[in-house]
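Below is one structure, written out as structure tokens; comments come after it.
Since every read-out is calculated from the coordinates, none of them should be taken as a lab result. From a predicted model like this one, the values you see are computed outputs, not experimental measurements. A quick note on method: Cβ atoms are made from the backbone with ideal geometry, for glycine too, and the neighbour counts reach across all protein chains shown.
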Amino acid sequence: MTADLLTRARRQVLDDGEGLAYDDLVEVLRVPEADIPALLELAHDVRMRWCGPEVEVEGIVSLKTGGCPEDCHFCSQSGQFTSPVRAVWLNIPELVEAAKQTAATGASEFCIVAAVRGPDERLLSQVREGIQAIRAEVDINIACSLGMLTQAQVDELAEMGVHRYNHNLEAARSYFPRVATTHSWAERWATCEMVREAGMELCCGGIVGMGETLEQRAELATQLAELEPDEVPLNFLNPRPGTPFADLPVMESADALRAVAAFRLALPRTILRYAGGREITLGDLGTRDGLLGGINAVIVGNYLTTLGRDPADDLGLLDELQMPIKELSKTL
Ligand code: SF4
């Protein structure tokens, strides 16, 4: 069974560079545990063939943390739950300092994130000021993640020189109503399309392990493939106290690795980034398995509301695996 699937995937994805479709992805997410190493090996071969050995390193900073009016059930930054995250704003010198520290790790992308439904005038003018200040002192690509956008805001961000915009689908269309009720999946999709059409790189991913079925996990991968993002951040649910998903179990590491392989086989050419939750789902060993199973980008330093790994650990691991860090000059 698995042998047939792998043979098919080898031909279609590895040889022809064409992502697997829904039915095959469901099968990938169901492979027996004993076949996971072979599956990861194929996903790694696909990544090496279609993306190369380089790993993109990215840093993120939160310009505005907490107090978001939306109700995404996984998110401790929602103001609607009792999660212990206070609303905090960063000032411009702090932003520049964070960009400097990120660049010092060798990272090529620095993403400015705000916990909002979408940016208002105040936030956009802070972002504009921040980008100018960073540009004056630090050589790094600037990305933003500021929620849902209007066409005018998309145009404004493109004009500011934002290199990449992050906005996640978060979940499959069919599961999204269980994840958030204050906005729709279609609204998220619309922002992603506008970003891509404006010529910014699109970073769009999701979270697995939120109680969705394997079919819905495969559905998310196919919907992402349809959007053709430049980068897909793959998050594993880290159930946060006070959120509606607080009591969901942490995903089994075997399932997390199946998901890594499935996303790579759905998206052979995309930058596939380990985002939040990998520490609790996979631990140190899993991080290595993922990097040898299709992942080709990592975030250094802290995530938005939870502690990530020490940058030195990740950079040391990349060195050991002989995976060079993608240089800034190659991303411009
Ligand atoms: S819109 Fe973003 S910050 Fe706000 S609750 Fe949803 S995921 Fe959290």
Cysteines having no other Cys beta carbon under 4.7 Å from their own, within the chain = C51, C68, C111, C144, C192, C203, C204
In degrees, nearest 10, range 0 to 90: what is the angle between the Cα axis of helix 278-291 and the longest Cα principal axis of the chain?
-> 60 degrees
Restricting the count to DSSP beta bridges whose residues both fall in segment 1-119, what percent are antiparallel, rounded to a multiple of 5?
-> 20 percent
Point-charge dipole on Cβ atoms (K/R +1, D/E -1) for the chain, about Cα centre, debye to 20 | 400 debye
Computed over the chain: relative contact order in percent, which uses C-alpha pairs under 8 Å that are six or more apart = 25 percent
Here the Kirkwood hydrodynamic radius of segment 70-202, Cα-based and in Å, equals 15.8 Å
Take the alpha carbon atoms of segment 1-136, find their radius of gyration, then divide it by 2.2 N^0.38 Å using N residues; give the quotient.
-> 1.50
Taking Cα pairs closer than 8 Å and at least 6 residues apart, the relative contact order of segment 1-64 in percent is 36 percent
Quick one: give the max-minus-min coordinate of the C-alpha atoms of the chain along each principal axis, largest first, in Å.
-> 56, 42, 35
Over the chain, the sum of -39500 (n - 2.57) across DSSP H runs of at least four, divided by residue number and rounded to 500 deg cm²/dmol, gives at 222 nm -13000 deg cm²/dmol
Can you list, largest first and rounded to whole Å, the semi-axes you get for segment 151-243 by taking the square root of 5 times each eigenvalue of its Cα gyration tensor?
-> 25, 14, 12
For segment 96-127, list residues with backbone N below 15 Å from a point placed 7 Å from the Cα of A133 toward its Cβ?
-> 96-101, 112-113, 123-127
At what distance in angstrom do the alpha carbon centres of segment 50-68 and segment 134-196 lie from each other?
-> 13 Å
By its C-alpha gyration tensor, with a ≥ b ≥ c as the square roots of the eigenvalues, how is segment 222-264 shaped: rounded for a/c under 1.5, else prolate for a/b larger than b/c, else oblate?
-> oblate
